[in-house]
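Notes for the one structure printed next.
The values are calculated or read from the model by the stated rules, or taken from the named source; none is laboratory data. Keep in mind that what you see is a predicted model, and the values were worked out from it rather than measured. Because the Cβ atoms are built from the backbone with ideal geometry, glycine has one as well, and the counts that use them run over all protein chains shown. Ligands, DNA and RNA are stripped out before the accessible areas are found, and what is left, the full protein with its side chains, is counted by its heavy atoms. Shrake-Rupley method; radii C 1.70, N 1.55, O 1.52, S 1.80 Å.
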Amino acid sequence: MKNRFSLSAYGVGWSANRRILVISVVLASLLALAGVTAYVTGRHGQHDASAGPAPSTPPNSAPSSAASTRPRAEAGSVPRPPRVSDPLAFARAAAEMLWSYDTRDTSHEQQLAGMEAWMTKESEYGDWSSVSAQMPDPTLWLRMADQRQHATVAVAEAHYPAAFKQALAEDPSAITEAYIYAVTVTGKQTIAWAKGGGAEDRSITLAVQCRPSAGCSLVAIAPTVAP
């Protein structure tokens, strides 16, 4: 039986202190209902070491491939974050980055470095652990590289979850504290390796920060996908 690997299957929750902090500044009712600031629930468990690799892992917004810039050498094939101020466009690009990887030319360290470049520089809000948890451990990455495993994604759409829009409508000024937006993105991930391949649908809810007159950045990955 083939096992399935996904970069989105290794999430962990936020610490209690971090959750309390974000709840206090970003729409507490939304966070309680939709879980905007932790990790996405993956559909697959731990990769079985005895088997080979297999498939894993918006309205008015521009395609992320056009917005993202070329990756730096130290980030391997991971694209640099786009300089955009639209939360939907940035979330599309971030989801594409999280769901795409290439072990043929990118090391474990390069993948992590590339992902970290997307994070907010405001440490009181950013939850790097929820993002870095998407990565397999270095040993598994090497095994994937032995099989030349790589993945691409076609992002379908991005939207603000209903709970986020409702909370924002009830208190429009709340967003001005940290300018953190909830965005749900859907798409299809295609994975290939030396002797096979496959594809499956993906969904994720991200917390992104887009302060006025500044480029957006990634804050966290939510514990569940908010509709």
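Coupling constants for the stretch 83-93 follow from the phi torsions by the Karplus curve (6.51 cos²θ - 1.76 cosθ + 1.60, θ = phi - 60°), and in residue order they are 8, 10, 10, 8, x, 5, 5, 5, 5, 4, 5 Hz; glycine and proline get x. Per residue, the stretch 82-210 exposes 40 Å² of solvent-accessible protein surface, assessed with a 1.4 angstrom probe and all protein chains in place.
Computed extension gain for residue 77 through residue 156, at 0.36 nm per residue and net of the alpha carbon distance, reaches 26.3 nm. Between the amide H of residue 157 and those of 186, distances stay under 5 Å, these residues lying 5 or more places away or on another chain, with hydrogens modeled in the peptide plane. Taking the Cα centre of the stretch 118-187 as origin and assigning +1 to Lys and Arg Cβ atoms and -1 to Asp and Glu Cβ atoms, the resulting dipole is close to 380 debye. Phi angles of the stretch 136-153 translate, via the Karplus equation with coefficients 6.51, -1.76, 1.60 and θ = phi - 60°, into HN-Hα couplings of x, 6, x, 5, 5, 4, 5, 5, 5, 5, 4, 9, 6, 6, 8, 9, 10, 9 Hz per residue; Gly and Pro are given as x. The slack in the chain from residue 176 to residue 121, taken as 0.36 nm per residue of separation less the alpha-carbon distance, amounts to 18.1 nm. Within straight-line reach of residue 165, meaning a Cα separation under 16 Å, sit the following aspartates and glutamates at least 8 residues removed in sequence or on another chain: 86.
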